[in-house]
Ligand code: FAD
């Protein structure tokens, strides 16, 4: 078996290395990662980041040795040479591959505004970023979060729990506009506001005020200035697809892959946040752990020559205050909505149906049974009875029309 080289030791790359072995591949597996840490879980970085467990390794000590995975952490791939089936690293070494997997993830989008590079203006992707954020929250004062996406709202919740004054500034008319339904956005906005987070929507940030090189305020287009001690910019991520694009692999805001993670170049796969993948008849960047894992499983099966696992319903989760949120499917494919549960009691589900009453997405809070049932209904394209879904006395499993 000729070597498998994986570029990027995050969720997708590190899990893929393990899965390739579990599928029975016996050749060399080389895992290159430019971070110096052993691969770690990213989701905790925006959730309970004030607790003790900021660094949570993906695998226990000794795992990579036991699995005979050749890890090269702190090593950055600088160039791919597909015609020579080789990768060059930044420190000048050359690694030949039989199969290459690009798992380079994404990086936070930065603001191109006056003051955006000031001290105290942060982004959040890595363990080191999270340590900087934790120090800022420990110092207290007012934290302004630019961007009302999942990461921004999770950080807002944890910072409020630790008594910071928190403002979330969102350019769209509602938070989570790109990924959640109107109703889900409203419920979450209310949940935050009741707990003291100041959420401003439809606002345009035009600059950051500084004093002696440090941020002291955020300036809005309407002339308002919001004083602050620190700023977190959470305005989305840019795929790390340059390595791929530079060697001729087809990229379009992400490395374009098929349902098995194959790129446009032979012997080269890509997985995780760096990719644009087929989902629900479309292609998209689906930045979540379950998506990265699903891709890794399929690529591992392709490499090891074992049967492909079945397709999975896309899903992800988020934690905000006491809410455990789980979302499956594609919300924007729905045409009608029915609700189950009680937003006041913080246990609810929003079910999104298409024009044939088939479930296309479900958004839930503190309701794992709604989530599990919903995910199964989406997978089976079952036609549902909306009235029975909304009736709390009806067992969800009996909601088929
Ligand atoms: P990453 O985990 O980012 O790993 C990519 C790795 O490749 C990085 O270590 C990077 O440094 C390295 N790399 C890049 N270029 C090179 C190179 N040239 N050479 C070598 N190495 C390179 N998803 C959920 O489903 N639920 C959540 O609750 C959730 N919370 C999140 C919270 C935060 C703060 C963040 C940042 C993300 C969260 N996500 C969550 C998203 C999830 O973490 C990502 O979808 C997942 O990490 C994608 O895995 P990946 O391997 O593609 O990318």
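Taking region 10-88 as the region of interest, the strands (runs of 3 or more DSSP E) fully inside it that hold 3 or more residues being closer than 30 Å to residue 150 by Cβ and touching a strand residue (DSSP E or B) at 6+ places or on another chain (Cβ under 9 Å) are 29-33.
Of all residues in region 2-46, those satisfying the criterion of being within 6 Å of the ligand (Cβ to nearest atom) and either under 15 Å from the mean Cα position of the chain (by Cα) or at pLDDT below 95 (or both) are 10, 11, 12, 13, 42, 43, 45, 46.
Residues are listed down the side, and each one gets a yes or a no for (1) closer than 23 Å to residue 137 by Cα; (2) within 23 Å of the chain's Cα centre (by Cα); (3) outside any strand (DSSP E or B):
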position	(1), (2), (3)
172	no, yes, yes
176	no, yes, yes
183	no, yes, yes
186	no, yes, yes
196	yes, no, yes
206	no, no, no
209	yes, no, no
219	yes, no, no
223	no, no, yes
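Taken across region 165-178, residues that are at pLDDT below 95 and surrounded by 15 or more Cβ atoms within 10 Å (Cβ to Cβ) do occur, with at least one present. Determine if region 306-322 includes at least one residue that is within 22 Å of residue 189 (Cβ to Cβ), assigned to a loop (DSSP other than H, G, I, E, B), in contact with a strand residue (DSSP E or B) (Cβ under 7 Å, 6 or more places away or on another chain) and in contact (Cβ under 8 Å) with a residue 12 or more places away in the chain. Within region 306-322, none of the residues are within 22 Å of residue 189 (Cβ to Cβ), assigned to a loop (DSSP other than H, G, I, E, B), in contact with a strand residue (DSSP E or B) (Cβ under 7 Å, 6 or more places away or on another chain) and in contact (Cβ under 8 Å) with a residue 12 or more places away in the chain.
Once region 96-110 is narrowed to residues that are more than 14 Å from residue 34 (Cβ to Cβ) and crowded, with 19+ Cβ neighbours inside 10 Å, the residue that is nearest to the ligand (Cβ to nearest atom) is 108. For residue 238, the test of being modelled with pLDDT of 95 or more, surrounded by 18 or more Cβ atoms within 10 Å (Cβ to Cβ) and either within 16 Å of the ligand (Cβ to nearest atom) or more than 21 Å from residue 110 (Cβ to Cβ) (or both) is failed.
Among the residues of region 271-292, those identified as more than 9 Å from the ligand (Cβ to nearest atom) and crowded, with 18+ Cβ neighbours inside 10 Å are 276, 277, 285. Take the conditions (1) more than 12 Å from the ligand (Cβ to nearest atom); (2) crowded, with 23+ Cβ neighbours inside 10 Å; (3) under 19 Å from the mean Cα position of the chain (by Cα); residue 159 misses just one of them, which is (3). I'd like to know if region 131-151 contains one or more residues that are within 24 Å of residue 287 (Cα to Cα), outside any helix (DSSP H, G or I) and within 12 Å of the ligand (Cβ to nearest atom). Taking every residue of region 131-151 in turn, at least one turns out to be within 24 Å of residue 287 (Cα to Cα), outside any helix (DSSP H, G or I) and within 12 Å of the ligand (Cβ to nearest atom). Among the numbered conditions (1) surrounded by fewer than 16 Cβ atoms within 10 Å (Cβ to Cβ); (2) farther than 18 Å from residue 388 by Cα; (3) touching a strand residue (DSSP E or B) at 6+ places or on another chain (Cβ under 8 Å), the only one that residue 303 does not meet is (1). Taking residues in region 176-203 that are more than 13 Å from residue 156 (Cα to Cα), and partners anywhere that are surrounded by fewer than 14 Cβ atoms within 10 Å (Cβ to Cβ), the pairs with Cβ atoms closer than 6 Å and at least 6 places apart or on different chains are 201/173; 202/173.
Here's the yes/no breakdown for (1) touching a helix residue (DSSP H, G or I) at 6+ places or on another chain (Cβ under 7 Å); (2) closer than 21 Å to residue 279 by Cα; (3) at pLDDT 90 or above:
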residue	(1), (2), (3)
323	yes, no, yes
358	no, yes, yes
367	no, no, yes
373	yes, yes, yes
380	no, yes, yes
390	no, no, yes
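If the condition is being buried (at least 21 other Cβ atoms within 10 Å of the Cβ) and either in a loop (DSSP other than H, G, I, E, B) or more than 12 Å from the ligand (Cβ to nearest atom) (or both), then region 250-270 contributes 251, 254, 257, 261, 263, 268, 269.
The values are calculated or read from the model by the stated rules, or taken from the named source; none is laboratory data. These numbers were taken from a predicted model, which means no experiment stands behind them. Methodologically, a virtual Cβ is constructed for each residue, glycine included, from the backbone with ideal geometry; neighbour enumeration extends over all protein chains shown.
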